[in-house]
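This report refers to the structure that appears directly beneath it.
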Amino acid sequence: MNAANSPLELFKPEEVRRKAHGLLEQAVSGALSYVEVDLSGLQKILVTVLEATKETYPDFHIPPYGIWRDFEVGGIDRWGALASAREFQTAEEMLAASADLAVLACFMKTRTPENWVFRDPMTATETRGKQASALAAFHMFAAGSFSSELSDPYRVDAETLIRLDMEELASGLQWNMQDDVDLLKAMQRHLKRLGEALALRPDLFSEDEVTRPGLLATRLAKESESAVSAGQLLDNLLEALAPAWEGGAQSEEITFGDSFRLSTISAEGYDGIIPFHMSAQEMVYSMVEPFAWAGMEVDALAALTAPADDVHVALFSDAGVLKVRDAGRELTPDEALDRMIELRAVGSALTEKLADKLREELEVPAEQLPLTCILEGGTSRAGLRILQLDKENCKKLGQYLNPGSVFWLPFGA
């Protein structure tokens, strides 16, 4: 069966990769409407990424990419402190709690108020951007904001997500109840949809009348001997949670989550729908450590794709590898959506192409230098630095990548 004719294939990382690399090939040949690519600049980016890696991890002992690095901003092991205070009695308890937190924090990376700054109550330091979203989720989790059990604050219960109070949200996020009310309402709705999605799949997320995202991890751990498949994790997360990411492509009764229809491809069938599943894939990347703490592995991580985000688009646009055609031209909403799709897909595919080039340069196989380490050690750090140094370009890029102001896409004002 042709993958483009099967709607379920749109939830597979292989299809995400196939379509992204297909658009990259078109960009290289000059066939895309809004994005063009000059691969001659890849060597320059490779040097930038290696320098970022050596600066952060001079011994090349690189941890996995994922939400846990956001919790460690400033060199503080926040999870370690929380876990020590909790004194988990079993590996299963710790797995459920850490998986709860990983899913929640990835899900809470959304649009935020312009110029928002989060003040970390643990360190009294200030953080911005997606790291601020992660730390806000972490501290709300630590405060028991998502738990239905007073005696067990470090958990995320579906029933609590569904009825979360807006004032508690505003306090935990440090958003203003007046100025940021629209975003607060959107976050409240977003978390309610997460709770409802979890509750609709008791076969995946429930045990003894308790429904939590982390129970998927404990269920899979019990069903596995020593390793859990990244593909199965992603399948389970997307089949349950895809409807919670509303605003993307739909077909009849199927909501495809972080997927959008490219108008330049025939509307017949599913070939025009370009999937990304950025948040769901970050959830899977972020499950590596919770399972490791429980003595298990997450295997087949190579199936996952590079994130289709602003950090990686910035990395390639700054070096002139990725260029936006007629950047100042005013576009219709459909044209702006097409540009967003092209940018995200090409940015993701370029990251994987750069990863291959990096391995060739270092003469290291993919098994020894997996994509998750390249993302964490170099590309995400180098791209983030570019965004932090050029605020105006960061804002413009955010507008390109979220022209319709979709709440759960963490780009744009």
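All of the numbers you see were taken from the coordinates with simple rules; none came from a lab. It should be emphasised that the depicted structure is a prediction, and the values quoted were computed from it without experimental measurement. We place every Cβ from the backbone using ideal geometry, glycine too, and count neighbours over all the protein chains shown.
Let me make sure I get this right: for region 1-83, a, b and c are the square roots of the gyration tensor eigenvalues over alpha carbons, sorted descending. Under 1.5 in a/c it's rounded, otherwise prolate if a/b > b/c, else oblate. Which is it? Note, shape of region 1-83 comes out oblate. Database remark: amide H of ARG261 closer than 5 angstrom to the amide H of ALA249, ILE274 (H placed geometrically; neighbours at sequence offset of 5 or more, or on other chains; Pro and chain starts carry no H).
Working note: Cα gyration tensor of region 80-129, eigenvalues times five, square-rooted, sorted largest first, giving semi-axes of 27, 16, 5 Å. When the GluC sites (Glu not before Pro) in region 315-413 are filtered for DSSP coil states and for at most 15 other beta-carbon atoms within 10 Å of their beta-carbon, the remaining sites are GLU330, GLU363, GLU367. Fully extending the segment from ARG163 to VAL181, taken as 0.36 nm per residue of separation minus the present Cα-Cα distance, adds 4.8 nm. Taking a ≥ b ≥ c as the square roots of the eigenvalues of the Cα gyration tensor, an a/c ratio below 1.5 marks the chain as rounded. Placing a pseudo-label 7 Å from each Cα along the Cα-to-Cβ vector at ASP390 and VAL117 gives an inter-label distance of 2.5 nm.
Computed over region 73-202, relative contact order equals 20 percent, with contacts defined as Cα pairs under 8 Å that lie 6+ residues apart. Screening the chain for DSSP H helices whose Cα atoms reach 18 Å or more along their own axis and whose mean Kyte hydropathy is at least 0.5 gives 91-107, 129-142. Of the GluC sites (Glu not before Pro) found in region 44-91, those that fall in a DSSP loop while having at most 10 other beta-carbon atoms within 10 Å are GLU87. Working note: 222 nm ellipticity from helices only, DSSP H runs with n ≥ 4, each -39,500 (n - 2.57), summed and divided by the residues of the chain, gives -15500 deg cm²/dmol to the nearest 500.
Within region 125-227, the GluC sites (Glu not before Pro) that combine a DSSP coil assignment with at most 13 other C-beta atoms in a 10 angstrom radius are GLU149, GLU209, GLU225. What's the center-to-center distance, using Cα atoms, between region 228-267 and region 1-65 in Å? Here the answer is 20 Å between Cα centres. For the residue pairs LYS185/LYS353; LYS109/LYS357; LYS109/LYS395; LYS12/LYS130, the alpha carbons lie more than 28 Å apart in LYS185/LYS353; LYS109/LYS357.
With K and R counted +1 and D and E -1, the other residues having a Cβ less than 10 Å from that of LEU322 yield a net charge of -3. For ALA227, the residues whose modelled amide H falls within less than 5 Å of its own, excluding neighbours fewer than 5 places apart on the same chain, are GLU297.
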